[in-house]
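A short write-up of the structure that comes next.
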Amino acid sequence: MAEIRNYTMNLGPQHPAAHGVLRLVLEMDGETVVRADPHVGLLHRGTEKLAESKPFNQSIGYMDRLDYVSMMCNEHAYVRAIEQLLGIEPPVRAQFIRTLFDEITRILNHLMWIGSNGLDLGAMTLFLYAFRERELLVDCYEAVSGARMHATYYRPGGVYRDLPEQMPKHKESRWTKDKDLKRANEWREGSMLDFIEAFAKDFPSKVDEYETLLTDNRIWKQRTVGIGVVSPERALQMGFSGPMLRGSGIAWDVRKKQPYAMYREVDFDIPIGKNGDSYDRYLVRVEEMRQSAHIIRQCVDWLRANPGHVMLKNFKVIPPSREEMKDDMEALIHHFKLFTEGYCVPAGETYAAVEHPKGEFGCYLVSDGANKPFRVHLRAPGFAHLSSMHEMAKGHMLADVVAIIGTQDIVFGEIDR
Amino acid sequence: MNQALPSQAELIADYFGERLSSITDSLGQVTIEVSVSDWQDVARELRDNEQFAYQQLIDLCGVDYLGYGSAEWETEAATQAGFSRGVDGLGPGRFSWSERPEAGAIEQRFAVVIHLLSVQHNRRLRMRCFAPDDGLPIVPSLVDVWNSANWYEREAFDLFGIIFEGHPDLRRLLTDYGFVGHPFRKDFPLIGNVTVRYDTDKGRVVYEPVEIEPRVLVPRVVREDSRYNTDDVDKAAEARAASPGNDGND
C-alpha cells in the first residue's frame, strides 16, 4: 500500500477569504490542519521607512493606508505620539471630535468585519446590510475631510477643520429621485451633527437586524462556536489585544484603562466574552458597535453645546489660517517655514497607543530633534493576531481556517505596513 | 498616557539595581536599558515577579541608531555658502555604507526595543538593549518568555538584520522571497537596490539595478529650538530669581 503523506496546500495570496494578500501554507492531514504557516509581506510598502524620509505631517496620510478600514484611529496613534513629544495638548473640542470619529471608525471597521466575515461563512445578505450603513459613515468622513477613506483629518494640535454646518445632500439623478431622493436626504437637512445623531439613534435597531440574521442562526453557530478557542493566558502570551483579548474574557480596553482623547468623559461599557471562541468574539464586536453608538450620542451632545477652536493656535507647529497668512508678515513666515521644512520635534522617544477597532494600535516614535522622525514603529494589532494562526488553526478543518481568518479581523495594510 | 505609579521607576531600579545600564522616566514612560547578557533574565523576572507582572509583550522592534542626530543641512552656514536646499545632503537613509557618518553620537548601532504591558497593574514599560557587535548584531530571543515575540523578532531580523539567538524559526517575514539586504538599516537606500519587472522575452520576472535617482524635497534639519530646552529656561528663571534687585519685571 502506498504511504500516506501529509498534503501541503496554498491558501491565497489570491483568495477571497484571505482578506487581501495572505498566503497561507497549510500542511493538511486529510481535511485537518496540521501546520499553518502564514506568509505575509505581499503588501509591504515600508511605511515606517518612508516616514523617516518625510517631515512629520506628511506621513499622516500614510497612516490612513495602514489599516484601511479604520483610518482615523491609525492617524490618532501617530498624531498623539507627535503631540506627546512636542508637549502640546489639542483643544477639548478637537479631542471630542477625535473621540467621535474614533467611534465612527470603530463602527465602520466592525461593519466591514461583520459583513466580510459573514460572507466568508456563507451569510451573504449581511454584507449588503452592513454596507448600507457603512455608506452613511463614509459620507461623514467625506463631509469633514473631503475623502471617503483616507482622510488625513487629525493633525498634531487638533483636527484639520471644524465639523461642517451643512451635511451634503444627494443630488437628483436617474436612479435617485422623487421619493427615493427624499428618503436619502431625510437626515441631511440639518448640520452634520444632526446627521450623526440621527444615525446613532437609529443604528442600534440596525444592529438588531444583523443579530436577527446571525446570533441565533444555526449555521452561523455551527461555524463559529468552539472554533479558534483561545484561553486568557494564551491570549496574553500571544500579544492579543482588543476584541481578541476581550473575547477570551480579559477586561482590558485602553480607552478605559489608560484613557486618551475624551474617553474619560464619556460613559460606555466594555463587553467581554467567556469562552474565547469565534462566536464570543462576534458577540463582543456586536456589543461594541452598540457602545460606540452610545459614545457617539454623548459626543454629539457635547459638541453641540460647546463650540470653539479645533486647532491649537501655535504657529510653530500649526500653520496659520489663509486669512492670517495674507494679512500678517509673521504668519506668512510661519506658513512658509512649516510648508517647506516642517517643525522640529524635540529629541526623545514615546509610545502612544490607542484602542483601535482591532486591538491596540501603537506608535513608537523616536525623534533626534529633526524635522523628520528618526524611527517610527507601528504596532499593528493584526500582526500579533495573525502570528497566532498556527496555534489557533491547528487541529481544525480547512473550512474553519477561513472562520479564524475572519474572526481575527485581518487587514493586510497594517500587518505588512 | 501611562498610569504608572510614581514609584514604578524606583521599584524597578531597586529590584534590578546593577543590572540596569540606565533607567529614565520621561513623558510618564519608564525606559530601562539592559545589557545583552541580562536581556532574557530581566525579561523573565519582569514577567514572573508579581510586583511587575508584565504578562504581555506588546511590541518589539529594532532601531538603527546610525546617524542619530545628524542633519543634512547646516542652517547656520547656509547663508555664507549661498543657496542650497540641502538636496545633496546625506542624512539617515540617504547615505550608503561608504558614506556613513563616522563620528556617531552613540556607541552602538543596533538596539532592540520592547514595550511591555501589565494588564494586572495597568502599567507599561519600555526596555532596550544594544547589540554589542555592529557587524553581526546578536541578541538573545525572547520567544520563550513571550510567544508574541516570534514574529516581531522575525520582522526585526528581516528589516535590520538583528539575529535573535534561540529563535525557533528565524526566517524573513516582510520582504520578498530571496531579498538581499536589510531594508530598514539607515544605510540602505530608500529607493532600494533593485527594480523588478516582467520580461516578455524571457517570460519571467527579472531583477535589475535600480534606475531612478533619489530625490529629496525637504532636507533633514535639526534646529535648536529654545522652547524645548527646559534646562535653559529653568536656568534663566533661577538666575533671575537669584540676582538681587531684579524682581523680574524691569
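The values are calculated or read from the model by the stated rules, or taken from the named source; none is laboratory data. Keep in mind that what you see is a predicted model, and the values were worked out from it rather than measured. Glycine gets a Cβ as well: all are built from the backbone with ideal geometry, and neighbour counts include every protein chain shown. Side chains included, ligands, DNA and RNA excluded: accessible areas come from the protein's heavy atoms. Shrake-Rupley method; radii C 1.70, N 1.55, O 1.52, S 1.80 Å.
What to note about this one:
- Across the options A:His15, A:Ile82, A:Ser70, the greatest Cα extent toward the positive end of the charge dipole of segment A:1-106 (unit charges at beta carbon of Lys, Arg, Asp, Glu) belongs to A:Ile82.
- 222 nm mean residue ellipticity, helices alone, for the protein assembly as shown (DSSP H n ≥ 4; -39,500 (n - 2.57); rounded to 500): -11500 deg cm²/dmol
- With at most 16 neighbouring Cβ atoms within 10 Å, loop GluC sites (Glu not before Pro) (DSSP) excluded, longest segment of chain A: A:266-417
- With a Förster radius of 60 Å applied to the beta-carbon distance between A:Lys394 and A:Gln166, the computed FRET efficiency rounds to 0.65.
- Rough spin-label spacing in nm, given labels placed 7 Å along Cα→Cβ, for A:Thr340 and B:Phe179: 3.6 nm
- Using the Cβ-Cβ distance between B:Ile212 and A:Thr8 with R0 set to 35 Å, the FRET efficiency from 1/(1 + (r/R0)^6) comes to roughly 0.35.
- Kirkwood hydrodynamic radius of segment A:332-417, from inverse mean 1/r over distinct Cα pairs, in Å: 15.7 Å
- Rh by Kirkwood over Cα pairs, then Stokes-Einstein D for segment A:21-123 at 0.692 mPa s and 37 °C, µm²/s: 196 µm²/s
- For segment A:179-338: rounded, prolate or oblate by the Cα gyration tensor [a/c cutoff 1.5]: oblate
- Kirkwood radius for segment A:258-387, taken over all pairs of different Cα atoms as the inverse mean of 1/r, rounds to 18.7 Å.
- Heavy-atom accessible surface of segment A:333-417: percent carbon and sulfur, 1.4 Å: 68 percent
- Cα gyration tensor category, rounded, prolate or oblate, for segment A:60-103 with a/c compared to 1.5: oblate
- Expressed as a whole percent, the proportion of Cα-Cα pairs in the protein assembly as shown lying more than 50 Å apart is 13%.
- Contact surface A-B: accessible area buried, both sides summed, square angstrom, 1.4 angstrom probe: 5400 Å²
- Counting 0.36 nm for each residue step from A:Arg174 to A:Ala147 and taking away their Cα separation leaves a gain of 7.3 nm.
- Only Lys, Arg, Asp and Glu carry charge here, each on its Cβ (+1 for the first two, -1 for the last two); on that basis segment B:104-162 has a dipole of about 380 debye about its Cα centre.
- Taking each of A:Lys337/A:Lys372; A:Lys372/B:Lys186; A:Lys313/A:Lys337; A:Lys221/A:Lys274; A:Lys171/A:Lys201 in turn, the alpha-carbon distance tops 23 angstrom for A:Lys171/A:Lys201.
- Shown here for segment A:260-289: trypsin sites (Lys or Arg not before Pro) in loop regions (DSSP other than H, G, I, E, B) with at most 13 other Cβ atoms within 10 Å, namely A:Arg264, A:Lys274.
- If the convex hull is drawn through the Cα atoms of segment A:271-348, its volume per residue in Å³: 191 Å³
- Cα gyration tensor shape of segment A:194-254, rounded if a/c is under 1.5, else prolate or oblate by comparing a/b with b/c: oblate
- By the combined test of axial Cα extent (at least 18 Å) and Kyte-Doolittle hydropathy (mean at least -0.5), the qualifying DSSP H helices of chain A come to A:71-86, A:92-120, A:124-145, A:192-214.
- Calculated on C-alpha atoms, the gyration radius of segment A:96-254 divided by its Kirkwood radius gives an Rg/Rh of 1.03.
- Part-to-part distance (alpha-carbon centres) for segment A:243-306 and segment A:197-212, which is given in Å: 16 Å
- Residue (of A:Asn185, B:Ser148, A:Ile114) at the positive-pole extreme of the protein assembly as shown, dipole from beta-carbon charges: A:Asn185
- Net +/- balance of residues flanking B:Arg197 in space, Cβ distance below 13 Å, scoring K and R +1, D and E -1: -2
- Extension reserve of the A:Leu50-A:Val92 stretch, reckoned as 0.36 nm per residue once the Cα distance is removed: 12.0 nm
- Per residue, the protein assembly as shown exposes 44 Å² of solvent-accessible protein surface, assessed with a 1.4 angstrom probe and all protein chains in place.
- In a DSSP loop and with at most 11 other Cβ atoms within 10 Å, the trypsin sites (Lys or Arg not before Pro) in segment A:173-231 are A:Arg174.
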